[in-house]
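The values are calculated or read from the model by the stated rules, or taken from the named source; none is laboratory data. Source: prediction; values computed, not measured. Neighbour counts run over all protein chains shown; Cβ positions are idealised from the backbone, glycine included. The accessibility values were calculated without ligands, DNA or RNA, using every heavy atom of the protein model including side chains. Shrake-Rupley method; radii C 1.70, N 1.55, O 1.52, S 1.80 Å.
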Amino acid sequence: MNWKKLINIFLVATILLIVAMNVSAACWIDFYDAQAYVRTQNGSYSNEINASSGDYIDIKLELDVRDYSGDCSSQLNSYSKIYRWNGSDWSYVSQTSSNYQYLSNRFITQTWSRAFSVSNNYSEYKIISYIQSNYGTVQELTSYVNVSSSGNCSGITISTSDFTMNSNSTSSKTFRIINNTNKRFEINKVDVTTYNSLINTINSYYSGNTIYSNSSKDVEVKVSTNYTSSDKSLSATFAVQGYLDGKYCSFYEIGQKTFSIAVRSNSGPYYDSECSNITISGSDFTVDSGNTQKETFYIKNNSSKRFEITGVDLTSNGIDLKSSYYSQYAYPYESSNFVIEAKAPHTSDTRNYENTVRIKGRFSDGKTCEYNAIKEKTFKVYLNSNEVQTNCNSFVLTAPSVLNIENFGTIPLTITNGTNKRADIYVESNLDVSPTVISLPENSSLSRSVSVALAYSSGEVSFRPVVEGCVYQPTRVNIYNNATGNLSSVSIKTSVITDNGVTKLRVEFNNPASKMFIGTLKLNATGWSTDDKPLTITSGTNTVEMVLNKMSNPSNTGSVIFSSNGQEIKTDFSVNNNGSDSLVGLFGLFGTFGWIAVILLVIVVAIVILNKEPKRPQENWQK
């Protein structure tokens, strides 16, 4: 057999073997679930959140690995890129450091505290999180932050109700202050104002100044009227001011609400011979807490003429009432009816409210009867609480008062909810904690742990129970970080790279200490600009990239400075030091296949050279 054919066969077999080896060497990872979450500092994690200008954003990835096979490295690398919407396109902002977690852990949680801050100059931020093995990206996750354009205080809203009442009387309504933010609001002042002399007094009553995140507070507004000889309609305003997580929110920033007060005169009734033939009858009735109840009232026409009902008027003292009537006419010596519907608020108290109803109309001969010409009907609505009283003392939360950790740790909790209501426990802290809410159904208990990350020397975590009808003080845990190390021991390496035409500075931190450091990475380079980058340096290797925007007359050198808790470390870089990056980029393009590409290239060249061997000259006898 020709020796050249043998070599060709050998080379082809070698190529096939290399390809087969590398196909089998690839890393395959299957996930049960993979989620990306964001939150503000004291908010709850979600895939999409609302934030206010100046809020710092935490990023968290939760990965549940089903299985993996092939030539996978022992660790997964993850990082996130942050973009903001500039009105027409997504523009790059920054990139987090790289986090490494062992693939064998199966359930993997990775967090970046204070990864970036938002500005209301931009309406939306997008975070793309990349999870990578040694063979490139295996999962890409996206989360969003919507930014409020009017600042923090816009998250506080108020709702009101209109009054209908008699003169020389007192009526009350329940208004509400709603905290739609993930921060705590402290009421500084509630103002209810009207400048009409018909109003004798107008006051507000509420219990406690604190409205916790995503909750509300009821305010009872009580109005007393003076005498009037004719029906009046006037208006009043309701407003609130206070502090949202320490930020002052004025009446103007929250916005005031206007509500109406309709006052009925006490003049009359003037019972003439015809209008006095129309009478109203009905009974007191009961409505259960949080429910709606309808009651039928009757209009008796004791005259020989048909009576047409043209209006039904109700007071609404402390409870929402409305009327409707099925028949427009009350025929001679017969009765017609109408319905009063009462809607009760949720309450644990049993109360009763006195209200009145009056009607107006006209007879078939054109004779009219106004509201004060027909005797009104007074009735009571009893508000009945069917709710079983909550045994607030049967809720118990047990946690250590002090916990020592090294950067990361868990807080053990034991919770017993012996009440007949669901319990929500809000985990509040400026540290990175997970979860942020724990819920228990009635008459249940559980033991679980809350994870916490602490970069500074100490911090506090509060557990605030919320059970309807109960008031509890938060349980506080003091956290102390025993991790050791000094920022001066952290080393920095830099390189300038080009990624799709974008010049970036890649900064690699090596932290030999057990302590992690939270701070800010800044650029100092004439003719180059980039945004300051909030950064957390954990133990081990951390890599981050900063986009270098070229300005006028850029220099060839610069420096980066990382500052944390009054300390800083610094290193210089050269924009011209990326000459070797082209070769690195070539092999990086192929990843692990870079060296294989070189081997294949050598084999192909060898085949070409062997097949192009010059022919030997022919002998005379061959010619």
Cβ pairs under 7 Å, 6+ apart or interchain, first in the range 563-580 and under 19 Å from Ser529 (Cβ atoms) and among the small types (Gly, Ala, Ser), second at pLDDT 80 or above and not in a strand (DSSP E or B), ordered by first then second residue, are Ser574/Asn556
For a quick check of your reading: which strands (runs of 3 or more DSSP E) sit entirely within the range 36-130 and have at least 3 residues that are crowded, with 16+ Cβ neighbours inside 10 Å, touching an Asp or Glu at 6+ places or on another chain (Cβ under 7 Å) and not charged (D, E, K, R)? 90-95, 107-117
Would a scan of the range 51-67 turn up a residue that is small (Gly, Ala, Ser) and modelled with pLDDT of 80 or more? yes
Test Arg506 against the criterion of being within 19 Å of Thr536 (Cβ to Cβ), charged (D, E, K, R), in a strand (DSSP E or B) and free of Cβ contacts under 8 Å to residues at least 60 places away in the same chain, and give yes or no. yes
Out of (1) out of contact with any Phe, Trp or Tyr (no Cβ under 6 Å at 6 or more places or on another chain); (2) open to solvent by 50 Å² or more (accessible area, probe 1.4 Å); (3) within 21 Å of Ser171 (Cα to Cα); (4) in a strand (DSSP E or B), the one Ser324 does not meet is (3)
Name the residue that is most open to solvent (accessible area, probe 1.4 Å), counting only residues in the range 431-441 that are assigned to a strand (DSSP E or B) and without any contact (Cβ under 8 Å) to a residue 60 or more places away in the chain. Ser439
Note on the range 498-513: residues touching a strand residue (DSSP E or B) at 6+ places or on another chain (Cβ under 8 Å) and open to solvent by less than 20 Å² (accessible area, probe 1.4 Å) are Lys504, Leu505, Val507, Phe509, Asn511
Can you go through Ser169, Ser149 and tell me which one is of a type in the set (Gly, Ala, Ser), modelled with pLDDT under 90 and over 24 Å from the mean Cα position of the chain (by Cα)? Ser169
Could we say that Asn22 is touching a Lys or Arg at 6+ places or on another chain (Cβ under 9 Å) and modelled with pLDDT under 85 here? no
Over the range 445-466, the set of residues in contact (Cβ under 8 Å) with a residue 60 or more places away in the chain, among the hydrophobic types (A, V, I, L, M, F, W, C) and under 18 Å from Tyr212 (Cα atoms) is Phe463, Val466
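Residue-wise test of (1) open to solvent by 40 Å² or more (accessible area, probe 1.4 Å); (2) assigned to a strand (DSSP E or B); (3) within 30 Å of Glu370 (Cα to Cα).
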residue: Gly208; (1), (2), (3): yes, no, no
residue: Val221; (1), (2), (3): no, yes, no
residue: Thr237; (1), (2), (3): no, yes, no
residue: Tyr243; (1), (2), (3): yes, yes, no
residue: Glu253; (1), (2), (3): yes, no, no
residue: Phe259; (1), (2), (3): no, yes, yes
Could you give me the residue pairs with C-beta distances under 7 Å whose first residue belongs to the range 176-202 and is free of Cβ contacts under 8 Å to residues at least 60 places away in the same chain, whose second residue is in a loop (DSSP other than H, G, I, E, B) and of a type in the set (Val, Ile, Thr) wherever it lies, and which are 6+ apart or on separate chains? Ile202/Thr194
Complete set of residues in the range 223-235 that are in a strand (DSSP E or B) and surrounded by 14 or more Cβ atoms within 10 Å (Cβ to Cβ): Val223, Ser224, Thr225, Lys232, Leu234
Only one residue in Thr419, Thr414 is over 30 Å from Ser169 (Cα atoms) and assigned to a loop (DSSP other than H, G, I, E, B), so which one is that? Thr419
Evaluate the following for Gly318: is it assigned to a strand (DSSP E or B), within 23 Å of Asp162 (Cα to Cα), open to solvent by less than 30 Å² (accessible area, probe 1.4 Å) and at pLDDT below 90? no
Output yes when any residue across the range 328-346 is assigned to a loop (DSSP other than H, G, I, E, B), farther than 30 Å from Gly469 by Cα, touching a Ser or Thr at 6+ places or on another chain (Cβ under 6 Å) and modelled with pLDDT of 85 or more, and no when none is. yes
Which residue is farthest from the chain's Cα centre (by Cα), if the candidates are limited to the range 189-203 and must be surrounded by 14 or more Cβ atoms within 10 Å (Cβ to Cβ) and within 27 Å of Asp245 (Cβ to Cβ)? Val192
Asn168 - would you say it is open to solvent by 30 Å² or more (accessible area, probe 1.4 Å) and part of a strand (DSSP E or B)? no
Those residues that are modelled with pLDDT under 85 and open to solvent by 50 Å² or more (accessible area, probe 1.4 Å), I need them from the range 521-531; list them, please. Asp531
Does Glu428 satisfy the criteria of being open to solvent by 50 Å² or more (accessible area, probe 1.4 Å), over 22 Å from the mean Cα position of the chain (by Cα) and among the acidic types (Asp, Glu)? no
Total residues in the range 470-488, condition at pLDDT below 90, exposed (fewer than 14 other Cβ atoms within 10 Å of the Cβ) and either under 13 Å from Phe517 (Cβ atoms) or over 25 Å from the mean Cα position of the chain (by Cα) (or both): 4
Looking at the range 509-520 only, could you name the residues that are more than 11 Å from Thr541 (Cα to Cα) and either of a type in the set (Phe, Trp, Tyr) or modelled with pLDDT of 90 or more (or both)? Phe517
Can you tell me how many residues within the range 492-505 are at pLDDT 90 or above and among the basic types (Lys, Arg)? 1
Can you confirm whether Phe338 is open to solvent by less than 50 Å² (accessible area, probe 1.4 Å), of a type in the set (A, V, I, L, M, F, W, C), over 30 Å from Ile178 (Cβ atoms) and in contact (Cβ under 8 Å) with a residue 12 or more places away in the chain? yes
For the range 172-188, what are the residues that are buried (at least 21 other Cβ atoms within 10 Å of the Cβ) and either among the aromatic types (Phe, Trp, Tyr) or modelled with pLDDT under 90 (or both)? Lys173, Phe175, Asn179, Thr181, Asn182, Lys183, Phe185
